[in-house]
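Trainee: Pasting in a structure now, in structure tokens, and then I'll have a few things to ask.
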Amino acid sequence: MAVATEQQILDGLAEIIDEIVGIDKSEVTPEKNFIDDLDIDSLSMVEIAVAAQDRFDVEIPDDELRNLKTVKDVINFVQNLQS
Amino acid sequence: MSKSQTRVAVTGLGATTPLGGDMPSTWSALLAGESGIRKLDWEGVDDLPVQFAATLKVDPSEVMPKQNLRRLDRNQAIALIAAREAWASAGFAVPAGGKGQKGMDRPGVDGGFTVDGERLGVVLSSGIGGLHTALNSYDVFREKGWSRVSPFTVPMLMPNGASGHVGIEFGAMAGSHALVSACASSGEAVGYAIDMIRAGRADVVICGGTESCIHPLQMASFGAMRAMSTRNEEPARASRPYDKNRDGFVLGEGAAVMILESEEHARARGAQIHGFASGCGYSGDAYDIVLPDPSGSGQAKAMQRALKDAGLEPADLVHINAHATSTPAGDVAELASIKAGLGEEAARQVVITATKSMTGHLLGGAGALESIFTVLALKEGVVPFVANLEDLDDEVDLDIARDEPRKLPDGPAAALNNSFGFGGHNVSVAFERAL
């Protein structure tokens, strides 16, 4: 898979979050914290991570998942693995 | 009724069934004699011995956002739909207690009545639980590995999941229960809810049952038992209790929920009282895991105990909604139990119906749905007739409502709803008309 731009990852993540927890895509911006700002619970985060792995063709180990607090954290994580 | 006991009022009704997406449409279709039984459109269905079932009239996706449905088994989604209708119909506002569920509406009535969450209970049963989730998740596991299995799999497949979800949504903290006794499950739920209110453990209880297990494996499993009708050429006419040519039950899906409330609590808020849930009788056959005791003594005892618990005499009864699933053996044996339980004279005075002729058999949802039908029959003074009853079995010698709805007399009246389940579980719930 070609390396995705930050905007492409953000758009993809917003689509996943909309699909899984029903948060409007416009609400998903880089600075948002999944728990505090988007009110996403831990089981939903697992679902989102699984969907993100499929979409961006990366592996997100459970240990890493715990460190991904914000949308920007995920974008950086995916970009680092792809580059 | 014992004068010292709290009377339990029925103040809210909700359902989603093969006949309608809510209780009023279900009831009117039932009185019209419509059938909720349809040919299945699955790929490969023609290889199954039974190719039809009583599927929901309104799909849950038409009334619930897809994000909610992702984390609910179908049996849980429909329980929530029925509970929401029952809650709003009872005139309750969104309760102050409880956290609610992320991303879900918490329905209520603008300016409606509130109930203390500590005094609100839930008793909501499913006979099978999350069969779709269990089987679909296993497919994902085998095809994609463990890491792709949804983290919601366990809460979606556990049979108490519906009770849990309803308790969370409405903030019910007096207790959340999920009794499992096969096709008697939600009859027991109603009985347990009555007891919770009488014992003073709750003022209001959301009670009922739900089932959604119309899946190829379930069709194959009941098919292997030779328990279902195989009238594949005319599904709508397949469920025919008391007819000479009945050949088995028809699998159905749906959910039904009642709001039960202490009479004192209901009167204090000026609630509409549809009727009274007066008592419940239980018995165990202790005979066979699937066959009813052919003597019918267990079923008779359940009916007698329901009357005793309600403080009623057999002569008070005007109607029975029979369990009658349309199997060759069960329907007529139940009539013998009714005679044994009530005595011949009283048994001949009651109008008997078998509503599974139109709804199919909702298994864990049946006892609650048929309880609601019993309440409405008393309230509106009309008993739905048995559909597809063309050639009455020679052994039937009690008064069966056939051909058209039957009027009931005015004045004080009581009725029973019978539910019997695999495992020898017998439950009979007694209801009285509100005057």
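The values are calculated or read from the model by the stated rules, or taken from the named source; none is laboratory data. Since the structure is predicted, the reported quantities are computational estimates derived from the model, not experimental observations. Heads up, the Cβs are rebuilt from the backbone with ideal geometry, glycines too, and the neighbour counts pull from every protein chain shown. Please note that ligands, DNA and RNA were not included when accessible areas were found on the heavy atoms of the full protein model with its side chains. Shrake-Rupley method; radii C 1.70, N 1.55, O 1.52, S 1.80 Å.
Trainee: Quick check on region A:48-63: of everything there that is free of Cβ contacts under 8 Å to residues at least 24 places away in the same chain and more than 20 Å from A:Ile23 (Cβ to Cβ), which residue is most open to solvent (accessible area, probe 1.4 Å)? Break it down into steps so the answer makes sense when it comes.
Mentor: Filtering region A:48-63 down to residues free of Cβ contacts under 8 Å to residues at least 24 places away in the same chain leaves A:49-50, A:53-54, A:59-63.
Filter again for more than 20 Å from A:Ile23 (Cβ to Cβ), leaving A:59, A:61-63.
Working: A:Glu59: 126, A:Pro61: 68, A:Asp62: 101, A:Asp63: 103 Å².
This residue is A:Glu59.
Yes/no matrix, rows are residues, columns are (1) surrounded by 23 or more Cβ atoms within 10 Å (Cβ to Cβ); (2) closer than 19 Å to B:Lys339 by Cβ:
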site	(1), (2)
B:Asp393	no, yes
B:Leu398	no, yes
B:Pro409	no, no
B:Ala414	yes, yes
B:Phe420	yes, yes
B:Asn426	yes, yes
B:Phe431	yes, no
B:Leu435	no, no
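Trainee: Still on this structure, please answer the following. Is there any pair linking a residue in region B:226-239 that is closer than 15 Å to B:Thr325 by Cβ to one that is at pLDDT 95 or above and open to solvent by 40 Å² or more (accessible area, probe 1.4 Å), with Cβ under 7 Å and at least six apart or on different chains, and which?
Mentor: B:Ser229/B:Asp247; B:Thr230/B:Asp247; B:Arg231/B:Arg237; B:Arg231/B:Asp247; B:Ala238/B:Arg231
Trainee: Which one of these does B:Lys356 not meet: (1) farther than 16 Å from B:Arg433 by Cβ; (2) open to solvent by less than 10 Å² (accessible area, probe 1.4 Å); (3) in contact with a Lys or Arg (Cβ under 7 Å, 6 or more places away or on another chain)?
Mentor: Checking B:Lys356 against (1) farther than 16 Å from B:Arg433 by Cβ; (2) open to solvent by less than 10 Å² (accessible area, probe 1.4 Å); (3) in contact with a Lys or Arg (Cβ under 7 Å, 6 or more places away or on another chain), the one that fails is (3).
Trainee: Moving to a separate point now. If we only count helices (runs of 4 or more DSSP H) wholly inside region B:342-428, which ones have 2 or more residues that are among the acidic types (Asp, Glu) and modelled with pLDDT of 95 or more?
Mentor: On the way: elements: B:344-347, B:356-359, B:366-380.
Of the helices (runs of 4 or more DSSP H) lying wholly inside region B:342-428, those with at least 2 residues that are among the acidic types (Asp, Glu) and modelled with pLDDT of 95 or more span B:344-347, B:366-380.
Trainee: From the list B:Asp309, B:Asp316, which residue is surrounded by fewer than 20 Cβ atoms within 10 Å (Cβ to Cβ) and modelled with pLDDT of 95 or more?
Mentor: Values: B:Asp309 fails: surrounded by fewer than 20 Cβ atoms within 10 Å (Cβ to Cβ).
Selected residue: B:Asp316, the only one of B:Asp309, B:Asp316 that is surrounded by fewer than 20 Cβ atoms within 10 Å (Cβ to Cβ) and modelled with pLDDT of 95 or more.
Trainee: Which residue pairs have Cβ atoms closer than 9 Å, lie 6 or more positions apart in sequence or on different chains, and pair a first residue in region A:15-29 that is within 12 Å of chain B (Cβ to nearest Cβ) and open to solvent by 40 Å² or more (accessible area, probe 1.4 Å) with a second residue that is assigned to a helix (DSSP H, G or I) and of a type in the set (A, V, I, L, M, F, W, C)?
Mentor: Hits for this filter: A:Glu19/A:Ala51; A:Asp24/A:Ala14.
Trainee: Return the residues of region A:1-14 that are β-branched (Val, Ile, Thr) and crowded, with 16+ Cβ neighbours inside 10 Å; say none if nothing qualifies. It would help to see each step written out before you state the result.
Mentor: Of region A:1-14, the ones β-branched (Val, Ile, Thr) are A:3, A:5, A:9.
Residue satisfying the conditions is A:Ile9 alone.
Trainee: If I ask for residues that are within 14 Å of chain A (Cβ to nearest Cβ) and in a loop (DSSP other than H, G, I, E, B), which ones from region B:45-81 would you list? Let's see the steps before the verdict.
Mentor: Narrowing region B:45-81 to residues within 14 Å of chain A (Cβ to nearest Cβ): B:61, B:64-72.
Scanning region B:45-81 gives B:Met64, B:Pro65, B:Arg71, B:Leu72.
Trainee: Anything in region A:49-59 that is more than 10 Å from chain B (Cβ to nearest Cβ) and in a loop (DSSP other than H, G, I, E, B)? List them, or say none.
Mentor: A:Asp57, A:Val58
Trainee: Mind listing just one residue for me: the one in region A:64-75 that is under 10 Å from the mean Cα position of the chain (by Cα) and open to solvent by 60 Å² or more (accessible area, probe 1.4 Å) and, of those, farthest from A:Val21 (Cα to Cα)?
Mentor: Per the criteria, the residue is A:Lys72.
Trainee: Hey, another quick one. I'm trying to understand the selection: among the residues of region B:157-197, which are touching a Lys or Arg at 6+ places or on another chain (Cβ under 7 Å) and either within 14 Å of chain A (Cβ to nearest Cβ) or of a type in the set (Lys, Arg) (or both)?
Mentor: Restricting attention to region B:157-197, the residues satisfying the condition of being touching a Lys or Arg at 6+ places or on another chain (Cβ under 7 Å) are B:168-169, B:174-175.
Within region B:157-197, just B:Ile168 meets the criteria.
Trainee: I would also like to ask the following. If I filter region A:30-48 down to residues being within 11 Å of the chain's Cα centre (by Cα) and assigned to a helix (DSSP H, G or I), which single residue comes out as nearest to the other protein chains (Cβ to nearest Cβ)?
Mentor: A:Val46
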